[in-house]
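*Asks:* This structure is in structure tokens; I'll ask about it shortly.
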Amino acid sequence: MSCGVFLELLAREASPVEFEGPLVQARAEGAPPAVLAELEAAKVAALRVRAVMRRHARREAELAALFDTAGDLAGLRDLDAVLEAITRRARRLLNADIAYLTLNDDERGDTYMRVTDGSVSAAFRRLRLPMGTGLVGLVAQSAMPYNSDHYLGDAQFRHRGFIDEAVAEEGLVAILGVPMKLGSRVIGVLTAANRGERPFDQEEVALLGSLAAHAAIAIDNARLLEETRTALEELSAANVEVKARSAAVEVAARAHDRMTAVVVRGGGVEDVAAIVTELLGGTLHVLDADGARLATTDAASAPLSDAELAGVSASAHSARAQGRTVRRGDLWIASVSSGDEMLGTLVLRTSEEVSDATSGSWSGPRSSRRCCCCSSAA
């Protein structure tokens, strides 16, 4: 029998037990010791080549997974989807029964489940582990990878009842956890586990560590992306507000010029009130210091009720103290005064919003109250 048979076995990726077949057959056919020794040597060499080929194939699959993960990070849109993909790949590449990822909560001093793949226990998916407790809590605290062939019976870890109960409910036996780090800071733990006593080798520890590094990058990128998005939204909102205020100030300036021109020409309270309602809409009531009506822009509108007048009086004092227009329901109230003297009140009935800049054009600075409402120079 030729040693070439082992090449055929390698070519079709035969299982290790099949490599014993040629030797068994040769012995059955009564092959001489020299032939058996040659076949034995060829078998050992073939099995060594097979092991190298499988390591290369496994490494190729690992590199492909890391490449795919890097591609996911480059097009990061949904952090949860990326973390789920990393956890799923960790489980598949390590041929584990379950993989899960926890994130550290610095305020609560623990690490909590964020993503799981292969979990069947609701209690396990809700688990939070105080720093230093259990295998994952120790990894989160120490920034070092840890593994155990039989976690529940492993005395090197600080066991807590609620943790062990959740692990037992999930049926976990062998566990490997590696830290996810940004610089020297641990932000979480990536873990693979089995429901049987299957040890994890150093290659698997290194692979899980590489995936954990990708997960940490994904989390940091998502945080930076969210901060940038928030900053842009705040900047956009501020820009809109600035434009609105600028427009209101411009309108107020034009309105003030018109009011001044009316007063200079000898216009009365009715003329000024008409400009105000043209600017802001609604109906304007001009009251004297005692609350009596001096003018109304819409003669057909209902007068202010006694309850409204009582509220207007209180709001007018508040408006005078604050130096700004005060809102009461659908009424906008501004005090008219000269120095310490209360001259009257402007009451605008409208459901529309009135900005400070625009309301300033009809209530005016205190030194010009008399000018606008009494038709005489201050």
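*Asks:* For residue 324, which of the numbered conditions (1) surrounded by 11 or more Cβ atoms within 10 Å (Cβ to Cβ); (2) under 47 Å from the mean Cα position of the chain (by Cα); (3) assigned to a helix (DSSP H, G or I) fails to hold?
*Replies:* Status for residue 324: all satisfied but (3).
*Asks:* Can you find a residue in region 143-161 that is surrounded by fewer than 20 Cβ atoms within 10 Å (Cβ to Cβ), without any contact (Cβ under 8 Å) to a residue 40 or more places away in the chain and at positive phi?
*Replies:* No, because not a single residue in region 143-161 is surrounded by fewer than 20 Cβ atoms within 10 Å (Cβ to Cβ), without any contact (Cβ under 8 Å) to a residue 40 or more places away in the chain and at positive phi.
*Asks:* Between 302, 310, which is at pLDDT 75 or above, loosely packed, with under 13 Cβ neighbours inside 10 Å and out of contact with any helix residue (DSSP H, G or I) (no Cβ under 8 Å at 6 or more places or on another chain)?
*Replies:* 310
*Asks:* Still on this model: Taking only pairs six or more apart or across chains, which ones have beta-carbon atoms under 9 Å, a first residue in region 247-259 that is farther than 17 Å from residue 271 by Cα and modelled with pLDDT of 75 or more, and a second residue that is surrounded by fewer than 16 Cβ atoms within 10 Å (Cβ to Cβ) and of a type outside the set (Gly, Ala, Ser)?
*Replies:* Listed pairs, sorted by first residue: 248/356.
*Asks:* Here is a follow-up. Can you give me the number of residues within region 76-130 that are out of contact with any strand residue (DSSP E or B) (no Cβ under 6 Å at 6 or more places or on another chain) and farther than 23 Å from residue 226 by Cβ?
*Replies:* Here the count works out to 11.
*Asks:* Taking region 170-197, which residues are charged (D, E, K, R), touching a residue at least 40 places away in the same chain (Cβ under 8 Å) and out of contact with any Phe, Trp or Tyr (no Cβ under 6 Å at 6 or more places or on another chain)?
*Replies:* Residues satisfying the conditions are 195, 197.
*Asks:* Suppose we filter 335, 246 for residues that are crowded, with 18+ Cβ neighbours inside 10 Å, under 49 Å from the mean Cα position of the chain (by Cα) and of a type in the set (Ser, Thr, Tyr); which single one remains?
*Replies:* Matching residue, one of 335, 246: 335.
The values are calculated or read from the model by the stated rules, or taken from the named source; none is laboratory data. Keep in mind the model is a prediction, meaning the values are calculated, not measured. Virtual Cβ from ideal backbone geometry, glycine too; neighbours counted across all protein chains shown.
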